[in-house]
Amino acid sequence: MAFTWSFFFFFLFAASSLGAVIHGIAVTENFVLMAKFAISLLITTSITLFVFLSLYYLIKRTCKFNPVFFAFLISLPAVLVSFFQGKGDIIIKIYQFASLMFSGSVFLFVFFKDKNLGATPMVIGVFMTIVSAAIQFIGSLSFRFFWTFDHNGIFHLIQLAGLVFVFAGAEYLEEVNPLKNAE
């Protein structure tokens, strides 16, 4: 599953990079719209991969299909519907929240069932991501530390810390993965 984890983190990196471009460089409105679509697709695909990965550690079976391809196939319609229905981010946010809650619950179950310590940082990372999303949604929080961080900046700071936990959990889960050589 290391291959799938690498796609998970690559998609998040690509979405973050595109976000930096549209927030940091003067670009056309058309480019911003296309970039936001791409960012939504990358993040939604990444979260869908996270669901696949959580299920993989729960059922402990190798995949007979390419989870990256299927995550893309599941995510694309959700993103297309949200953009063309005019609902924008809300449909995607609901999907992402439900997916994160499900994956976090699965990793919590994996921890209690298998005593797998790699699941602990996963649960912490998911919790931090959900908290950061709530802060971003509230929209009125800010603080000053060298410069002012608005609600979006706070979201990204907490989410980055959460991703460090997810990365640590992925490293540990792969290290103790009994199926690692079966893939």
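The values are calculated or read from the model by the stated rules, or taken from the named source; none is laboratory data. These numbers come from a predicted model, not from an experiment. With ideal geometry, Cβ positions are generated from the backbone for all residues, glycine too; neighbour counts draw on all protein chains shown.
In the range 100-112, the count of residues that are at pLDDT 85 or above, closer than 16 Å to residue 42 by Cβ and of a type outside the set (D, E, K, R) is one or more.
Of the residues contained in the range 106-120, none is found to be touching a residue at least 24 places away in the same chain (Cβ under 8 Å), closer than 19 Å to residue 11 by Cα and in contact with a helix residue (DSSP H, G or I) (Cβ under 8 Å, 6 or more places away or on another chain). Quick check on the range 133-180: of everything there that is at pLDDT below 85 and among the hydroxyl-bearing types (Ser, Thr, Tyr), which residue is farthest from the chain's Cα centre (by Cα)? Among them, the one singled out is 148. Exactly one residue among 127, 107, 83 is part of a helix (DSSP H, G or I) and either surrounded by 21 or more Cβ atoms within 10 Å (Cβ to Cβ) or small (Gly, Ala, Ser) (or both), and that residue is 107.
When 38, 78 are checked against the criterion of being at pLDDT 85 or above and not aromatic (Phe, Trp, Tyr), 38 stands alone in meeting it. Kindly evaluate residue 49 against the criterion of being out of contact with any His (no Cβ under 7 Å at 6 or more places or on another chain), surrounded by fewer than 19 Cβ atoms within 10 Å (Cβ to Cβ) and either aromatic (Phe, Trp, Tyr) or within 20 Å of residue 123 (Cβ to Cβ) (or both). Judged against the criteria, residue 49 is not a match. For the range 86-104, a residue qualifies if it is β-branched (Val, Ile, Thr) and crowded, with 20+ Cβ neighbours inside 10 Å, and exactly one does: 92.
Scanning the range 5-17 for residues that are crowded, with 17+ Cβ neighbours inside 10 Å and of a type outside the set (Gly, Ala, Ser) turns up 5, 7, 8, 11, 12.
The requirement of being buried (at least 20 other Cβ atoms within 10 Å of the Cβ) and touching a helix residue (DSSP H, G or I) at 6+ places or on another chain (Cβ under 7 Å) is fulfilled somewhere in the range 139-156, by at least one residue.
May I ask you to list the residues in the range 20-35 that are surrounded by 10 or more Cβ atoms within 10 Å (Cβ to Cβ) and either at pLDDT 80 or above or touching a Ser or Thr at 6+ places or on another chain (Cβ under 7 Å) (or both)?
Within the range 20-35, 21, 22, 27, 31, 32, 33, 34, 35 meet the criteria.
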